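**Student:** The structure is given below, and queries will be raised subsequently.
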Amino acid sequence: MNQRELPEHPDFLWANPEPKASYDVVIVGAGGHGLATAYYLAKNHGITNVAVLERGWLAGGNMARNTTIIRSNYLWDESAAIYEQALKLWEGLEDELGYDIFFSQRGVLNLAHTLQDVRDSVRRVEANRLNGVDAEWIDPKQVKEICPIINIGDDIRYPVMGATYQPRAGIAKHDWVAWAYARRASELGVDLIQNCEVTGFTFDGDRVTGVETTRGRIGAGKVALAAAGHTSVLAELAGFRVPIQSHPLQALVSELHEIIHPTVVMSNHVHVYVSQAHKGELVMGAGIDSYNGYGQRGSFHVIEEQMAAAVELFPAFSRAHLLRTWGGIVDVTLDASPVVGLTPVDQMYVNCGWGTGGFKAVPGAGWAYAHTIANDEPHELNRPFSLERFVSGALIDEHGAAAVAH
Ligand SMILES: Cc1cc2nc3c(=O)[nH]c(=O)nc-3n(C[C@H](O)[C@H](O)[C@H](O)COP(=O)(O)OP(=O)(O)OC[C@H]3O[C@@H](n4cnc5c(N)ncnc54)[C@H](O)[C@@H]3O)c2cc1C
């Protein structure tokens with residue numbers, strides 16, 4: 001793995017149009033999911049009279065605040081299918097979008113620190129293999145071979161007892177992924193409208209007919225929510241409820257270093273996940289703050305505990321200076337799985353609940369959500385992730401495979 005210079009941006013990124021009076025589809029939220037959905041609506045379904053409305057700036061939400069980890073090693077068949085579809089799309093995305101997104105398949109290790117972790121991890125590896133997802137169970141010595149700076153001694157609070165390893169997993173440069181989708185969507189005719197907050201909806205009976213925004217009323221044949229932690233606010237305005245809680249989730253980067261960390265290491269148990277960006281910053285994520293909130297920052301004690309765990313696992317980090325910390329608002333469901341599908345409102349759709357792990361899903365979820373919107377019918381990949389599962393009880397419990405315990 002080498003440090004890389006960023007290439008020059010192309011001349012054209014995206015147009016900055018005034019909103020039109022109406023669109024066939026209005027997408028609320030220009031994060032990764034909203035932008036990918038707009039692109040696949042245009043590309044796969046020929047629907048180009050589309051607006052993506054963003055209350056702030058494009059990708060200013062969780063999309064450019066995450067730690068960029070991409071993997072598909074989730075436990076249940078339903079999750080493996082959608083995350084693996086996403087990973088396959090990631091593998092061709094740079095070519096498809098014609099833009100450098102620094103996708104790097106450097107492998108992801110999920111560490112096990114207790115006997116229960118070991119049992120759960122081995123079970124997940126077996127389940128992954130049955131679903132055609134590349135996964136291995138490796139012992140501490142093999143962990144050290146893949147990541148030489150990790151401490152596998154048994155005299156630390158949470159000794160490394162082994163790890164799951166997905167070689168095809170990795171990272172990508174998150175803001176560039178958003179810009180790549182935005183650029184292609186804009187080229188295909190999609191209007192990307194920033195500083196445009198959706199504040200209400202208009203209806204004809206049970207059917208949504210448009211959105212009220214800070215830039216006026218905009219008519220819509222269909223409305224697709226992709227607003228992550230703010231989805232419950234929007235759903236309430238539309239007259240239904242979503243079972244998500246919004247929590248702060250923090251991350252940080254160190255100053256630049258030579259390349260010392262060649263892979264991605266995650267520990268659900270001690271709530272730390274680490275990779276090294278192409279320029280050399282160590283990128284680390286923390287656990288979620290337990291309280292609900294909409295402030296894009298978290299509590300100091302959470303980041304302090306995370307750093308204590310990181311320094312124990314990687315003693316070399318004790319010499320690294322912190323450059324900056326930040327937080328996002330993650331949308332956590334009861335079963336740690338997303339909601340992608342129809343809503344009780346006719347012609348309104350929802351994509352939310354990705355919690356701490358929705359970056360990796362962006363291509364696969366955008367692809368399936370676009371199908372759902374175009375056909376008014378879920379795609380097989382997102383059918384199990386309906387809102388109704390919270391009524392039927394057909395939950396998809398991915399707490400064990402989520403980025404951090406919640
Ligand atoms: C610190 C941190 C680390 C993470 N690490 C990882 C990781 O390593 N791997 C991974 O897979 N995932 C990770 N995630 C999770 C991932 O970032 C999210 O699941 C994903 O980005 C969600 O994408 P989105 O497009 O749904 O949301 P967002 O990118 O948040 O986009 C939603 C957009 O909707 C806009 N919006 C909200 N309300 C309105 C309104 N009323 N009108 C108009 N616009 C509105 C917001 O401004 C926002 O831009 C992490 C998240 C955080 C915060």
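The values are calculated or read from the model by the stated rules, or taken from the named source; none is laboratory data. Model, not experiment: these values are computed from the prediction. Backbone-built Cβ (ideal geometry, glycine too); neighbour counts: all protein chains shown. Calculation scope for accessible area: heavy atoms of the full protein, side chains included, ligands and nucleic acids excluded. Shrake-Rupley method; radii C 1.70, N 1.55, O 1.52, S 1.80 Å.
**Student:** I need the peptides 95-104, 76-85, 200-209 ranked by packing, meaning the mean over residues of other C-beta atoms within 10 angstrom, with the highest value on top.
**Tutor:** In descending order of packing, they fall as 76-85, 95-104, 200-209.
**Student:** Check the straight Cα-Cα distances from Lys144 and name the aspartates and glutamates below 17 Å, setting aside those fewer than 8 residues away within the same chain.
**Tutor:** Glu136, Asp154, Asp155, Glu312
**Student:** Using the Kirkwood formula over every pair of different C-alpha atoms, what hydrodynamic radius in Å results for the stretch 1-63?
**Tutor:** Here the Kirkwood hydrodynamic radius works out to 13.6 Å.
**Student:** Given the -39500 (n - 2.57) contribution per DSSP H run of 4+ residues, what per-residue ellipticity at 222 nm results for the chain, rounded to the nearest 500 deg cm²/dmol?
**Tutor:** My calculation for the chain gives -8500 deg cm²/dmol from helical runs alone.
**Student:** Taking the Cα centre as origin and putting +1 on Lys and Arg beta-carbons and -1 on Asp and Glu beta-carbons, what dipole magnitude results for the stretch 349-406, to the nearest 20 debye?
**Tutor:** In total the dipole reaches around 160 debye.
**Student:** Structure shown: which of Lys279/Lys360; Lys222/Lys360; Lys20/Lys360; Lys20/Lys173; Lys43/Lys360 lie over 28 Å apart, alpha-carbon to alpha-carbon?
**Tutor:** In this structure, Lys20/Lys360; Lys20/Lys173 lie more than 28 Å apart at Cα.
**Student:** Starting with the highest mean, order 257-267, 25-35 by the number of other Cβ atoms within 10 Å, averaged over the residues of each peptide.
**Tutor:** Ranked from most to least packed, the peptides come out as 25-35, 257-267.
**Student:** If you take every DSSP beta bridge fully contained in the chain, what fraction is antiparallel? Give it as a percent rounded to 5.
**Tutor:** Antiparallel bridges: around 70 percent, rounded to the nearest 5.
**Student:** In whole Hz, with x marking every Gly and Pro, tabulate ³J(HN,Hα) for the stretch 108-114 from phi via Karplus 6.51 cos²θ - 1.76 cosθ + 1.60, θ = phi - 60°.
**Tutor:** Couplings: 10, 9, 10, 6, 10, 10, 9 Hz.
**Student:** Turning to a different aspect of this structure: If I model a spin label at Arg297 and Thr202 as a point 7 Å from the Cα along the Cα→Cβ vector, what separation in nanometres do I get?
**Tutor:** Here the answer is 4.0 nm between the modelled labels.
**Student:** Which value, in debye to the nearest 20, gives the size of the charge dipole of the chain about its Cα centre, when Lys and Arg are +1 and Asp and Glu are -1 at the Cβ?
**Tutor:** Value, rounded to 20: 280 debye.
**Student:** I'd like the carbon and sulfur percentage of the solvent accessible area for the chain, probe radius 1.4 Å, heavy atoms only, ligands and nucleic acids excluded.
**Tutor:** Its accessible area is 50 percent carbon and sulfur atoms.
**Student:** Further, regarding this structure: Find the centroid of the Cα atoms in the stretch 197-262 and in the stretch 18-94, then give the distance between the two in whole Å.
**Tutor:** With the stretch 197-262 and the stretch 18-94 each reduced to a Cα centre, they are spaced 12 Å.
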